[in-house]
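Down below is the structure, laid out as structure tokens.
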Amino acid sequence: MSKKSFDECYFTSIHDIEVLDDIVTYVERNYGKLGKYENSIFCPECRHAELSYVHQTSRTRAFLRRKFRTVHLPGCSYNYEYSSPKFSKEYYELLTDDQIQDKMASMMRSLLRDSLDNGENVIQASNTVEVDNPLILEKEQNGQQIRKSLRRKKLSTWLDEEIAGELHLFYGEVKLKVRRIEKTNEAGESYFYYFLDIFCENKNREWKRKTQIYRGAMEDSIDENQIYYFVAVGNIDFSNSFPRLELSNKQSILFKAIQ
Ligand SMILES: [Zn+2]
């Protein structure tokens with residue numbers, strides 16, 4: 001199985017998800033020691049496999065990986081190989097638009113739920129992994145059920161060419177903006193096409209444009225002041241001047257205003 005790293009983890013002291021960036025900052029301030037995170041960080045999905053922190057080097061970023069001899073629960077998507085962009089395209093082609101949107105909605109529920117607010121919820125959540133896990137793509141191939149998992153990437157963290165060509169489920173809390181481009185066709189008539197720009201808040205609490213999605217003739221209805229929960233499956237193309245998120249399917253995107 002290919003190595004898997006984690007952008008976030010389940011941190012037992014807070015009974016909630018902790019992001020890698022916060023752990024890196026803490027470790028730096030704590031003179032390179034893991035401190036409160038020692039033996040307390042687990043798979044963000046099944047919360048069963050224990051993770052270890054791998055320090056940054058001059059060439060690699062710090063990351064989290066599964067500890068040797070600890071396992072993910074059955075049903076955790078981290079048990080499976082990552083899906084390629086081709087596999088996910090084929091997978092989505094077998095579903096109706098509504099089915100894809102339902103999958104996107106359950107991805108959003110599993111990754112972007114509100115902070116767990118009471119102990120009861122925590123215990124229930126930690127003992128179950130969804131039977132129909134939205135982070136697993138399942139497709140029949142030569143009479144066999146093939147399961148692949150989705151790499152996931154929080155949009156507020158680093159995005160660079162290291163992930164070019166890799167399929168991801170991108171998610172996070174974002175601001176959105178529609179950009180309209182006007183063109184003229186051969187008959188001299190003007191027409192429009194649209195980009196959806198995606199902004200994330202950085203550590204200085206500034207909203208910065210991270211990526212964009214080509215929407216063709218579709219003009220999304222957006223409130224630019226609103227913060228949205230956002231999920232999209234695809235890969236990022238870095239070959240142009242600004243990274244562009246290429247969706248696996250035109251339906252593999254969902255955003256919802258945070259109330
Ligand atoms: Zn797991």
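Some observations on this one:
- Percent carbon-and-sulfur accessible area, the chain, ignoring ligands, DNA and RNA, probe 1.4 Å: 45
- Accessible solvent surface per residue of the chain, calculated while the other protein chains remain in place, 1.4 angstrom probe, Å²: 57
- Sorting L155, L95 by solvent-accessible area of protein heavy atoms yields L95, L155, largest first, with a 1.4 Å probe.
- Electrostatic tally near Q145: other residues with Cβ closer than 10 Å to its Cβ, Lys and Arg +1, Asp and Glu -1, net 0.
- Solvent accessible area, Å² - E45, 1.4 Å probe, full protein context: 40
- F170, F238, reordered so the largest accessible area comes first (probe 1.4 Å): F238, F170
- Protection proxy ranking, peptides 7-13, 139-145, 182-188, 64-70, average beta carbon neighbours within 10 Å, highest first: 7-13, 64-70, 139-145, 182-188
- Karplus-derived 3J(HN,Hα) values for region 164-171, using 6.51 cos²θ - 1.76 cosθ + 1.60 with θ = phi - 60°, are 4, x, 9, 6, 9, 9, 8, 8 Hz; glycine and proline are entered as x.
- Our helix-only sum for the chain, with -39,500 (n - 2.57) per DSSP H run of n ≥ 4 divided by its residues, gives a mean residue ellipticity at 222 nm of -5000 deg cm²/dmol.
- For region 1-122, a simple Cβ point-charge model (Lys and Arg +1, Asp and Glu -1, everything else neutral) yields a dipole of about 800 debye relative to the Cα centre.
- Cβ charges +1 (Lys, Arg) and -1 (Asp, Glu), total dipole of region 83-259, debye: 420
- Per-pair calculated FRET efficiency, R0 = 41 Å: N185 and R61 via Cβ, rounded to 0.05: 0.35
- Scalar couplings 3J(HN,Hα) for region 34-39, obtained by applying the Karplus form with A = 6.51, B = -1.76, C = 1.60 to θ = phi - 60°, are 6, x, 4, 8, 3, 6 Hz; x denotes Gly and Pro.
- Taking Cα centre as origin and charging only the Cβ of basic (Lys, Arg, +1) and acidic (Asp, Glu, -1) residues, the dipole magnitude of region 5-66 rounds to 300 debye.
- As a length-normalised measure over Cα pairs under 8 Å and 6 or more apart, the relative contact order of region 83-259 settles at 23 percent.
The values are calculated or read from the model by the stated rules, or taken from the named source; none is laboratory data. Being a predicted model, the structure only gives us computed values, none of them experimental. Reconstructed Cβ throughout: ideal geometry from the backbone, glycine too, with neighbour counts over all protein chains shown. Remember, those area values only see protein heavy atoms, side chains included, never the ligands or the DNA or RNA. Shrake-Rupley method; radii C 1.70, N 1.55, O 1.52, S 1.80 Å.
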